[in-house]
Amino acid sequence: MSIMPRRRTPTYTPDSSDTLETSQPATTGHQRVLQGAARKAFRAVRSSAVNRFLPEPSVGSKNLAARIAWLEQTLAALPAGSRILDAGAGELQYKRFCDHLEYTSQDLGQYDGQGDQVGLHTLTWDNSKLDINSDITRIPVKNQSFDSIMCTEVLEHVPRPIDALKEFARIIRPGGLLIITTPVASLTHFAPFYYYNGYSRYFFETTLGELGFTDIKVEFNGNYFEAVAQELRRIDDVGKTYSPRAKRPNRSYSLAQRILLRRLDELSHFDDGSSELTAHGLHVTARNKHPSTGELQPPEGSRGDG
């Protein structure tokens, strides 16, 4: 799913480095067409030469693909016919990996794709397919209702994330698998339903342990160099929205960006633990050890979170 800035993208006046100089200005429509074709041809040759000698690396572009691959593999390992809750399911984008499971979706269901128009938004959003509309900290189901719970890229949108984890402990069966993904340091998105930039491994190791979960495993998605490369790739799109008077990037800038990406790709290839600084996100699994003693509290009149 592509997330684009909500603000209107301004128009630009081309920088002089983006035009071809001619000895005489164009005076006819035919000459202008020829000049336009020449510019396109020149840029195509320039781009081809750069791609040939400095091919663009993939560093900084694998965040979503890596998360999807991990989720697909993790969900595929769940026993066929077992019950799974997709908490904060949104548009049910990962339901396709749960065909062998008894799938239930839950979400607050208040995000409309536009929010308050601050930060990044999807522009459209469909809540019509949800099974349960509720606060993620007060899900109207009985104790130990699910064999597993999936919560992907949701907790940054929850005002009280520890309460959400407590609720998961209540409704998951003993031995059940909790599956979570979160960002480490995200940009503002889906505002005003946006409360945390991200989480650290220590948050999950500490909080899940205190809630009775065991076999807690936290994996990093990406590393420091991948995270820097991802933001480098976003610079122009962010600049169009938040620095509209800046000059349009010229070929020197594009070449410098390519060189930086190749350097980051090399550093990422030989990485030895930079994820301890930052990464794209976290992939977390944990087992529920103890039966819950909590009681169901229907979310009457409560404000939802997830």
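Key figures
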quantity: Residues (among the β-branched types (Val, Ile, Thr) and either crowded, with 18+ Cβ neighbours inside 10 Å or within 23 Å of GLU219 (Cβ to Cβ) (or both)) located in the stretch 185-207; calculated: THR206, THR207
quantity: All positions within the stretch 217-231 that are under 10 Å from ALA279 (Cβ atoms) and part of a strand (DSSP E or B); calculated: GLU219, PHE220, ASN221
quantity: Some residue of the stretch 157-164 being surrounded by fewer than 15 Cβ atoms within 10 Å (Cβ to Cβ) and within 18 Å of the chain's Cα centre (by Cα); calculated: no
quantity: ILE235 being within 21 Å of THR104 (Cβ to Cβ) and either assigned to a strand (DSSP E or B) or among the hydrophobic types (A, V, I, L, M, F, W, C) (or both); calculated: no
quantity: Among the residues listed as SER243, SER275, SER268, the single one being more than 20 Å from PHE53 (Cα to Cα) and either in contact with a strand residue (DSSP E or B) (Cβ under 9 Å, 6 or more places away or on another chain) or assigned by TED's automatic domain parsing to the domain that holds TYR202 (or both); calculated: SER275
quantity: Yes/no for VAL228 being assigned by TED's automatic domain parsing to the domain that holds HIS100, touching a residue at least 12 places away in the same chain (Cβ under 8 Å) and either crowded, with 18+ Cβ neighbours inside 10 Å or more than 16 Å from the chain's Cα centre (by Cα) (or both); calculated: no
quantity: Matching entry among GLY88, GLY60 (being surrounded by 17 or more Cβ atoms within 10 Å (Cβ to Cβ), touching a residue at least 60 places away in the same chain (Cβ under 8 Å) and farther than 21 Å from ASN223 by Cα); calculated: GLY88
quantity: Unmet requirement for LYS240, which otherwise passes all of (1) surrounded by 15 or more Cβ atoms within 10 Å (Cβ to Cβ); (2) of a type in the set (Lys, Arg); (3) over 27 Å from PHE193 (Cβ atoms); (4) at pLDDT below 95; calculated: (3)
quantity: Cross-chain or 6+ apart pairs with Cβ under 9 Å, the stretch 132-156 first and without any contact (Cβ under 8 Å) to a residue 40 or more places away in the chain, then surrounded by fewer than 24 Cβ atoms within 10 Å (Cβ to Cβ) and aliphatic (A, V, I, L, M); calculated: ILE132/VAL141
quantity: Selected residue (criterion: nearest to LEU277 (Cα to Cα)) from residues of the stretch 188-216 that are part of a helix (DSSP H, G or I) and touching a residue at least 24 places away in the same chain (Cβ under 8 Å); calculated: ARG201
quantity: Criterion: modelled with pLDDT under 90 and of a type in the set (Asp, Glu) - qualifying residue of GLU266, GLU300; calculated: GLU300
quantity: Of the criteria (1) closer than 27 Å to VAL141 by Cβ; (2) surrounded by 15 or more Cβ atoms within 10 Å (Cβ to Cβ); (3) of a type outside the set (Phe, Trp, Tyr), which one GLY175 fails; calculated: (2)
quantity: Complete set of residues in the stretch 144-156 that are touching a Lys or Arg at 6+ places or on another chain (Cβ under 9 Å) and either buried (at least 24 other Cβ atoms within 10 Å of the Cβ) or not in a loop (DSSP other than H, G, I, E, B) (or both); calculated: PHE146, ASP147, SER148, THR152
quantity: Selection from the stretch 198-227 of residues that are in contact with a Lys or Arg (Cβ under 9 Å, 6 or more places away or on another chain), among the small types (Gly, Ala, Ser) and within 20 Å of GLU167 (Cα to Cα); calculated: GLY212
quantity: Any chance LEU208 is at pLDDT 95 or above and over 22 Å from ILE68 (Cβ atoms); calculated: yes
quantity: Flag for VAL154 being more than 17 Å from the chain's Cα centre (by Cα), among the aliphatic types (A, V, I, L, M), under 23 Å from GLY176 (Cβ atoms) and not assigned by TED's automatic domain parsing to the domain that holds TYR253; calculated: no
quantity: Qualifying residues in the stretch 123-140 (those that are surrounded by 18 or more Cβ atoms within 10 Å (Cβ to Cβ) and more than 14 Å from LEU92 (Cβ to Cβ)) - the one nearest to the chain's Cα centre (by Cα); calculated: ILE136
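The values are calculated or read from the model by the stated rules, or taken from the named source; none is laboratory data. Bear in mind that the values here come from a model prediction, so they are computed numbers and not experimental data. All Cβ positions, glycine included, derive from the backbone under ideal geometry; neighbour counts span all protein chains shown.
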